[in-house]
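The next block holds one structure in the form of structure tokens; read it before the comments.
The values are calculated or read from the model by the stated rules, or taken from the named source; none is laboratory data. Because the structure is predicted, anything quoted here is derived from the model rather than measured. With ideal geometry, Cβ positions are generated from the backbone for all residues, glycine too; neighbour counts draw on all protein chains shown. To get the accessible areas, we keep the full protein, side chains included, count just its heavy atoms, and leave off ligands, DNA and RNA. Shrake-Rupley method; radii C 1.70, N 1.55, O 1.52, S 1.80 Å.
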Amino acid sequence: MLTLATLLVPRLAVANPHDFSAWLDDVRQEALAKGISLATLDTALTLQAPIERVVELDRRQPEFHDTFWNYIDRRVNESRIQRGRALLDEHQGLLAQVEARYRVPARFLVAFWGLETNFGQYTGGFSVIDALASLAYDGRRSEFFRRELFNALVILDQGHITPEAMQGSWAGAMGQMQFMPTTFMHYAVDGDGDGKGDIWRSLPDAFSSAANYLSRIGWRSDELWGREVRLPRNFDWSQASLDNRKTVKAWTALGVRQADGEPLPDSDSRGAILLPQGHNGPAFMVYRNFDVIMNWNRSINYALSVAYLADRLRGEPEWRTGRDADNRRMTRDQVLTLQKRLLALGFDPGGIDGILGGRTRAAIRDYQISKGLPADGFASVQLLERLSSEDIGQASLGSPQETQGRAAEG
Ligand code: CA
């Protein structure tokens, strides 16, 4: 017979509540040994069982690989740009002070703020301690989340915030700018002089902390993040990669121009060319500040969205080139099929895992080169269609008759 307790207490198949309480005791002992006070542990570390929803969110696999333009259009839309401009204006005095002190432009601070939490509107409704304890207990990324949990306890112990107000995302990202506890420990600062780093409710603290972080990881106040560029038709597409840096002069010699066709500045600064939606999509040249943005979040699309919003906030025009690129999202199943087809044709994608990583891009590039196609290494539905029409008879174990039959069909 089902008891009331069985019905009410959500449980994970793997998590026996006794195991969890033993595990939590171990965390308490280690926290005490690290010097965290008993009072903090008693008020904060009170979770009875891992939060099922948090573990689910951590394990979920995206159903789609979004395209660059879908990603950008969803995040940098007209209403967000207008709201950002209004907030730049509203907090002009504070932002000017922060910019003067940390040498990070206000428009970038507001861009991060807009993309992280829609300017403080969605900061996440989970208890950070409970979410981190759930993830540290779950086996997938225990070590990482256990360290974040201890740092979150230290932040409470230092009195920056109360356990009830320490809210965040399911993954433990906190406040206006979604700092992880370890980032808070290294970079959060007290901007309003009350002795606390309250990145949840104090904008001076939140802006100063973000600016301090960007400044300390290498923001250069005298450089751009990068720019939209135009590539010549005969460009060697395999040159487009974040790790292939050349001077602006060297790119100019290869035919790269500004998006409006004007020459690039005559500069010895080093940049890389990015094609976030393949050779038919837009092209960007990125400099060192782009790496700083990538350090905040290691996603090229995310970093470009920050850069784009920051530029739009100061009135720069829309990105327009490459709008006619194949904009169909790929499903995970389509990526799996693409990887299987590549492998069958003799181009090893480094595993059939549904993830578009470096090995898969290299396999695509090799395939493109073998066919005389633009070698951008970019996965698209169009490419999948082409791969699906390829005769794999010779590469696979198909009989000669079958091969002939397929070739006749295709
Ligand atoms: Ca403060």
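With respect to the conditions (1) surrounded by fewer than 11 Cβ atoms within 10 Å (Cβ to Cβ); (2) in contact with a Ser or Thr (Cβ under 7 Å, 6 or more places away or on another chain), Leu115 falls short on a single one, namely (1).
Of all residues in region 187-205, those being within 7 Å of the ligand (Cβ to nearest atom), open to solvent by less than 60 Å² (accessible area, probe 1.4 Å) and over 13 Å from His160 (Cβ atoms) number 1. Taken over region 238-273, the criterion of being touching a helix residue (DSSP H, G or I) at 6+ places or on another chain (Cβ under 8 Å) and in contact (Cβ under 8 Å) with a residue 40 or more places away in the chain is satisfied by Ser238, Leu242, Ser269, Gly271, Ile273. Of the residues making up region 168-203, those that are assigned to a strand (DSSP E or B) and of a type in the set (Gly, Ala, Ser) number 1.
Summed over region 148-167, the residues that are part of a loop (DSSP other than H, G, I, E, B) and within 24 Å of the chain's Cα centre (by Cα) give a count of 1. Looking for something crowded, with 20+ Cβ neighbours inside 10 Å, within 21 Å of Arg288 (Cβ to Cβ) and not hydrophobic (A, V, I, L, M, F, W, C) - is there at least one such residue anywhere in region 216-225? No.
This table checks each residue for (1) among the small types (Gly, Ala, Ser); (2) buried (at least 17 other Cβ atoms within 10 Å of the Cβ); (3) not assigned by TED's automatic domain parsing to the domain that holds Gly193.
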| residue | (1), (2), (3) |
| --- | --- |
| Leu57 | no, no, no |
| Asn77 | no, no, yes |
| Gln82 | no, no, yes |
| Leu87 | no, yes, yes |
| Arg101 | no, no, yes |
| Glu143 | no, no, no |
| Ile161 | no, yes, no |
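Could you tell me whether region 278-290 includes any residue that is open to solvent by 30 Å² or more (accessible area, probe 1.4 Å), under 19 Å from Ala211 (Cβ atoms) and in contact (Cβ under 8 Å) with a residue 12 or more places away in the chain? Reasoning before the result, please.
Keep residues of region 278-290 that are open to solvent by 30 Å² or more (accessible area, probe 1.4 Å), which gives 279-280, 288.
Pick out the ones that are also under 19 Å from Ala211 (Cβ atoms) and you get 288.
With in contact (Cβ under 8 Å) with a residue 12 or more places away in the chain added as a condition, the list becomes 288.
Checking region 278-290: at least one residue is open to solvent by 30 Å² or more (accessible area, probe 1.4 Å), under 19 Å from Ala211 (Cβ atoms) and in contact (Cβ under 8 Å) with a residue 12 or more places away in the chain.
Can you give me the number of residues within region 34-70 that are outside any helix (DSSP H, G or I) and among the β-branched types (Val, Ile, Thr)? Walk me through it before giving the result.
At the first step, the residues of region 34-70 found to be outside any helix (DSSP H, G or I) are 34-37, 45-51, 60-67.
Going one step further and asking which of them are among the β-branched types (Val, Ile, Thr), we end up with 36, 46, 51, 67.
The qualifying residues number 4.
Could you tell me which of the residues Asn280, Asn244 is touching a strand residue (DSSP E or B) at 6+ places or on another chain (Cβ under 9 Å) and outside any strand (DSSP E or B)? Selected residue: Asn244, the only one of Asn280, Asn244 that is touching a strand residue (DSSP E or B) at 6+ places or on another chain (Cβ under 9 Å) and outside any strand (DSSP E or B).
Within region 38-60, residues that are closer than 20 Å to Gly124 by Cβ and small (Gly, Ala, Ser) sit with their Cβ atoms under 8 Å from residues that are assigned to a helix (DSSP H, G or I) and open to solvent by less than 90 Å² (accessible area, probe 1.4 Å), at 6+ positions apart or across chains, in these pairs: Ala44/Ile129; Ala44/Leu153; Ala44/Leu156. Within region 96-111, residues that are more than 16 Å from Asp311 (Cα to Cα) reach partners that are small (Gly, Ala, Ser) and in a loop (DSSP other than H, G, I, E, B) with beta carbons closer than 8 Å, at six or more positions or on different chains, in the pairs Val98/Gly191; Arg103/Ser221.
From the list Ala171, Ala210, Ala131, the one residue that fits, being modelled with pLDDT of 95 or more, open to solvent by less than 40 Å² (accessible area, probe 1.4 Å), among the small types (Gly, Ala, Ser) and within 16 Å of the ligand (Cβ to nearest atom), is Ala210. Are any of the residues in region 333-349 modelled with pLDDT of 95 or more and small (Gly, Ala, Ser)? For region 333-349, residues modelled with pLDDT of 95 or more and small (Gly, Ala, Ser): present. At pLDDT 90 or above and among the acidic types (Asp, Glu): is that true of Asp376 in this structure? Answer is yes for this residue.
The condition (being within 16 Å of the ligand (Cβ to nearest atom) and modelled with pLDDT of 95 or more) is satisfied by just one residue among Phe144, Phe150, Phe184: Phe184.
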